[in-house]
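As structure tokens, the structure follows; a few thoughts come after it.
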Amino acid sequence: MSKVELLGVFGDDLMVVNAARVSFRKESKAMTPQDERLIKYLARNNHITPFFHPQIQFRICMPIFVAREWYRHQIGFARNEVSRRYVDEKPECFVPDVLRRRDSNVKQGSSNEVVADNDKCMDLIQKLQDDSIELYQTLLDHDVCPEQARIILPQSMYTEFIETGSLAAYARLCRLRLDPHAQKEIQVYADMISSILSEKFPVSWKCLLGDNIA
Ligand SMILES: Cc1cc2nc3c(=O)[nH]c(=O)nc-3n(C[C@H](O)[C@H](O)[C@H](O)COP(=O)(O)OP(=O)(O)OC[C@H]3O[C@@H](n4cnc5c(N)ncnc54)[C@H](O)[C@@H]3O)c2cc1C
């Protein structure tokens with residue numbers, strides 16, 4: 001159910017170059033080594049506006065607890081999301097591969113170690129998800145409206161949205177969410193976005209992400 005689907009791309013590296021070159025009423029017809037140096041200069045010196053012009057659109061499915069973090073990235077994005085006021089199909093829930101232990105450093109979020117009772121805890125999660133979905137269906141069967149029945153659904157439930165963002169906005173999001181301090185589950189989505197954008201904007205993405213590139 002996890003998904004990052006590319007719906008459309010407006011622009012390329014040349015668009016960034018020509019947004020910058022208009023200052024001197026100049027235009028490049030195809031990328032040259034000089035243009036690559038210009039992109040590098042723009043990214044390094046935080047001349048960010050030329051990176052606002054390319055726009056990318058995705059259809060994304062992610063669990064609600066990840067979407068809640070994702071939606072904190074506001075500037076440069078537009079989003080429209082499925083509404084559980086209107087949709088009452090059977091929900092699907094995210095199940096992690098393994099359950100990580102707490103880290104001794106509270107700011108780290110989690111360690112890489114798997115909990116000793118992994119299988120038992122996974123069974124408990126699965127049971128709660130199954131019970132929640134069953135109760136949801138029972139409420140609907142009792143004619144409870146979907147906008148209230150949804151209140152018992154877990155944070156692990158998947159949601160789906162269409163998101164359009166500028167190249168600059170995605171670079172800021174990916175810089176923050178590819179960082180090892182970010183929640184592991186959100187890093188996975190940032191990584192999928194980063195792989196797509198490094199292919200579509202090879203020069204810009206490398207310069208904007210630097211060492212953080214996926
Ligand atoms: C590892 C990690 C841990 C986090 N932990 C927490 C947490 O515990 N609690 C929590 O609440 N959030 C937390 N956040 C979310 C964080 O505070 C930001 O909301 C999130 O990273 C989005 O940042 P952004 O710069 O992309 O925001 P956007 O809102 O998209 O803003 C983009 C940029 O626009 C500018 N901008 C936006 N709004 C303003 C403004 N009002 N005034 C001036 N400039 C503005 C800033 O330059 C900003 O960087 C965490 C984020 C990360 C990556």
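When the chymotrypsin sites (Phe, Trp or Tyr not before Pro) in region 48-130 are filtered for DSSP coil states and for at most 16 other beta-carbon atoms within 10 Å of their beta-carbon, the remaining sites are 71, 86.
In region 1-72, the ratio of gyration radius to Kirkwood radius, Rg to Rh, stands at 1.13 when only Cα atoms are counted. Phi-derived couplings, Karplus 6.51 cos²θ - 1.76 cosθ + 1.60 at θ = phi - 60°, listed residue by residue for region 157-164: 5, 6, 10, 9, 8, 9, 10, 10 Hz, with x used for Gly and Pro. Candidates 118, 153, 180 compared by Cα position along the dipole of the chain: farthest toward the positive end lies 180, with charges placed on Cβ. Stretching residue 115 away from residue 64 to a fully extended chain increases their span by 16.0 nm, per 0.36 nm per residue minus the current alpha-carbon distance.
For the chain, the relative contact order comes to 31 percent (Cα pairs under 8 Å, sequence separation of at least 6).
Ligands, DNA and RNA are left out, and with a 1.4 angstrom probe the accessible area of the chain is 61 Å² per residue. The simple spin-label model puts a point 7 Å past each Cα toward its Cβ; for residue 134 and residue 86 those points are separated by 3.2 nm.
Straight-line cross-link reach from residue 120 at under 19 Å between alpha-carbon atoms covers these aspartates and glutamates, not counting any fewer than eight positions away in the same chain: 97, 130, 131. FRET efficiency for the pair residue 127 and residue 6, taken as 1/(1 + (r/R0)^6) with r the Cβ-Cβ distance and R0 = 45 Å, rounds to 0.80. Shown is the FRET efficiency for residue 100 and residue 79, computed with R0 = 25 Å from the Cβ-Cβ distance and rounded to the nearest 0.05: 0.30. Comparing 186, 64, 151 in a Gaussian network model of the chain (Cα springs below 10 Å), the most mobile by mean-square fluctuation is 151.
Rounded to a whole number, what % of the accessible area of the chain do carbon and sulfur atoms account for, probe 1.4 Å?
Taking all protein chains in place, the chain shows 50 percent carbon and sulfur surface.
For region 65-174, GluC sites (Glu not before Pro) meeting the loop criterion (DSSP other than H, G, I, E, B) and having at most 13 other Cβ atoms within 10 Å: 89, 113. Computed over region 49-125, relative contact order equals 20 percent, with contacts defined as Cα pairs under 8 Å that lie 6+ residues apart.
The values are calculated or read from the model by the stated rules, or taken from the named source; none is laboratory data. All of these numbers come straight from a predicted model, not from anything done at the bench. So basically every Cβ, Gly included, is an ideal-geometry build from the backbone, and we count neighbours across all protein chains shown. Note: accessible area is taken over every heavy atom of the protein model, side chains too, but ligands, DNA and RNA are not part of it. Shrake-Rupley method; radii C 1.70, N 1.55, O 1.52, S 1.80 Å.
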